[in-house]
1. Which residues, counting only those in the range B:76-106, are more than 12 Å from every other protein chain (Cβ to nearest Cβ), of a type outside the set (A, V, I, L, M), in contact with a Lys or Arg (Cβ under 8 Å, 6 or more places away or on another chain) and under 19 Å from B:GLN14 (Cα atoms)?
2. Which ones in the range D:56-81 are open to solvent by 50 Å² or more (accessible area, probe 1.4 Å) and at pLDDT 95 or above?
3. Name every residue in the range A:1-55 that is assigned to a loop (DSSP other than H, G, I, E, B), within 28 Å of A:PHE86 (Cβ to Cβ) and at the interface with another protein chain (Cβ under 8 Å from one of its Cβ atoms), in order of residue number.
4. Taking interchain pairs and intrachain pairs at least six residues apart, which have beta carbon atoms under 7 angstrom, with the first residue in the range A:117-145 and over 16 Å from A:GLU68 (Cα atoms) and the second of a type in the set (Lys, Arg) and surrounded by fewer than 21 Cβ atoms within 10 Å (Cβ to Cβ)?
There are 4 protein chains.
Amino acid sequence: MAVSDYIEDLEKWQSEFRHSYPVTVRFSETDAFGHLNNTVSFVYFEQGRINFFKEIGFGEEWFASGGEGIPVTADLHCDYRRQVFFDEQLDVQVKVAEIGNSSMDLHYLITNASGKVCMTGRGRMVQVSRKTGKPIKWSETALEKLNVSRSQ
Amino acid sequence: MAVSDYIEDLEKWQSEFRHSYPVTVRFSETDAFGHLNNTVSFVYFEQGRINFFKEIGFGEEWFASGGEGIPVTADLHCDYRRQVFFDEQLDVQVKVAEIGNSSMDLHYLITNASGKVCMTGRGRMVQVSRKTGKPIKWSETALEKLNVSRSQ
Amino acid sequence: MAVSDYIEDLEKWQSEFRHSYPVTVRFSETDAFGHLNNTVSFVYFEQGRINFFKEIGFGEEWFASGGEGIPVTADLHCDYRRQVFFDEQLDVQVKVAEIGNSSMDLHYLITNASGKVCMTGRGRMVQVSRKTGKPIKWSETALEKLNVSRSQ
Amino acid sequence: MAVSDYIEDLEKWQSEFRHSYPVTVRFSETDAFGHLNNTVSFVYFEQGRINFFKEIGFGEEWFASGGEGIPVTADLHCDYRRQVFFDEQLDVQVKVAEIGNSSMDLHYLITNASGKVCMTGRGRMVQVSRKTGKPIKWSETALEKLNVSRSQ
């Protein structure tokens with residue numbers, strides 16, 4: 001199986017990211033092989049995703065008490081392309097790749113201080129009702145924010 | 001400062017534990033120095049504390065939705081006495097050291113497969129109201145469970 | 001994109017697992033949405049993978065000091081199919097799906113106490129030289145152990 | 001037992017910090033009670049400690065391959081004074097409280113965006129030989145850096 005069926009052309013794919021968030025590798029995130037433990041990339045993806053939503057003013061109601069919907073992770077994928085070590089300064093980049101009725105596909109790119117690609121990834125998330133667990137459609141305003149994020 | 005002002009006589013102190021829970025060191029819990037990262041002992045303490053409460057049937061209402069009180073950690077202390085490595089089989093031991101009106105002091109002992117002391121610790125927790133944040137007194141039943149745990 | 005291109009027939013796929021490891025959801029692994037945080041499934045996958053290798057006597061040299069090769073994660077994928085909550089007793093199941101010259105595809109299945117599917121996943125790992133980072137072929141003995149694990 | 005035997009006068013104690021590092025609470029660091037899980041404060045302490053050493057140019061040899069000494073955590077203590085929630089912007093402040101021959105006591109202060117005290121803590125660390133595990137004395141240069149950090 002191709003490990004990157006979500007990337008047709010790496011250079012083009014990489015050029016489409018507009019939103020980037022810095023993160024420094026913590027010592028507690030390394031493991032006994034001396035590098036970043038593989039499970040931590042998903043912590044960085046989550047942090048990037050939340051920073052991205054915050055930046056574009058999306059999903060603020062999810063974290064409000066009494067909010068109707070919450071975001072649920074449907075799937076997550078990470079390709080490890082370059083080892084990462086303690087104290088490296090990374091950039092977590094996020095973009096919206098596909099937009100569904102109540103879901104979206106986000107893509108992730110983690111680069112190091114030299115701009116080299118360390119991890120790439122993707123994941124689908126769905127907005128569901130806190131009470132019923134059923135999907136809730138994106139509003140028009142929400143859809144507009146997602147679309148604007150692709151060019152800014 | 002003495003690092004163990006909560007232990008007068010280690011042998012006596014150690015002999016008073018009645019409740020023990022196994023845990024195996026995960027690879028993701030090690031760090032680049034090749035041993036268990038120092039922050040993880042508090043994860044083990046929390047797991048031991050919750051297992052202990054479960055075993056003695058204490059605090060079940062905390063995790064019920066609509067429960068009035070929740071447990072809050074007031075302080076935590078850990079003394080690191082022996083390095084711990086990947087895949088070690090540890091025992092997390094817990095006892096009630098002091099009981100207040102709405103709080104208690106728990107003591108912790110982590111031993112390895114040879115029975116050697118790896119970490120010791122203590123911490124105070126308080127039962128507070130989910131709404132007001134004010135302390136809630138232990139009930140008679142709750143106090144009895146804590147006292148029984150000391151001999152069984 | 002289909003989120004499960006690694007599963008043709010869920011029932012058949014599920015019936016091929018032979019190796020299972022219990023894990024209980026820790027409180028520190030939940031998040032403010034009240035359920036297991038999405039990043040933790042990869043901690044469970046890693047723990048299952050290592051338990052699996054240990055059980056079949058595979059890769060012991062990786063953790064020995066001076067060992068030539070180490071396992072490197074090439075990619076990881078998780079599909080979240082059912083929410084998981086604090087204190088649930090889960091089973092992490094692991095099987096070898098494909099074997100390459102110096103790599104393998106592992107599949108993962110996490111079920112709850114009622115046997116319901118909570119997460120499924122897969123990931124490729126490669127054995128590389130600690131010094132050069134280049135792939136190291138599986139030995140005949142190693143290959144035999146992987147093959148035996150499929151029927152036992 | 002007093003929970004803060006390391007603080008005589010909070011205001012004076014607080015005024016002695018010279019080194020501060022920002023951290024934002026990650027969603028994966030919260031728990032099902034809706035606030036920061038208690039175990040994470042020690043992750044913040046470690047990150048603050050390492051940032052502090054880096055800023056004053058101390059202990060760089062610890063992380064170099066072939067370095068003789070490594071830092072070992074002897075004990076850690078945290079007092080939880082105010083609940084912390086998702087996305088809060090915190091400051092982790094660090095100071096050297098006591099200097100021994102091969103050890104030191106570090107104090108920690110975590111404040112929120114309003115400057116309110118959320119956690120305080122302390123911990124002793126020891127420099128030991130990577131090979132023998134025996135303590136290694138601070139050099140004159142090292143001692144000077146620690147002393148300078150108290151006024152700058």
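The values are calculated or read from the model by the stated rules, or taken from the named source; none is laboratory data. Everything quoted here is computed from the prediction, not taken from an experiment. FYI the Cβ positions are ideal-geometry reconstructions off the backbone, even for glycines, and counts take in every protein chain you see. Keep in mind that these areas ignore ligands, DNA and RNA; they rest on the heavy atoms of the full protein, side chains included. Shrake-Rupley method; radii C 1.70, N 1.55, O 1.52, S 1.80 Å.
1. Residue satisfying the conditions is B:LYS95 alone.
2. D:ARG81
3. Across the range A:1-55, the qualifying residues are A:VAL3, A:ARG26, A:ASP31, A:ALA32, A:PHE33, A:GLY34, A:HIS35, A:ASN37, A:ASN38, A:THR39.
4. Final answer for the pair search is A:VAL117/A:ARG81; A:VAL117/A:ARG82; A:CYS118/A:ARG81; A:CYS118/A:ARG82; A:MET119/A:ARG81; A:THR120/A:ARG81.
To keep it simple, each residue is scored yes or no on (1) modelled with pLDDT under 95; (2) within 11 Å of the chain's Cα centre (by Cα).
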{"position": "D:ASP91", "(1), (2)": "no, no"}
{"position": "D:SER102", "(1), (2)": "no, no"}
{"position": "D:TYR108", "(1), (2)": "no, yes"}
{"position": "D:SER114", "(1), (2)": "no, no"}
{"position": "D:CYS118", "(1), (2)": "no, no"}
{"position": "D:GLY121", "(1), (2)": "no, yes"}
{"position": "D:ARG130", "(1), (2)": "yes, no"}
{"position": "D:GLY133", "(1), (2)": "yes, no"}
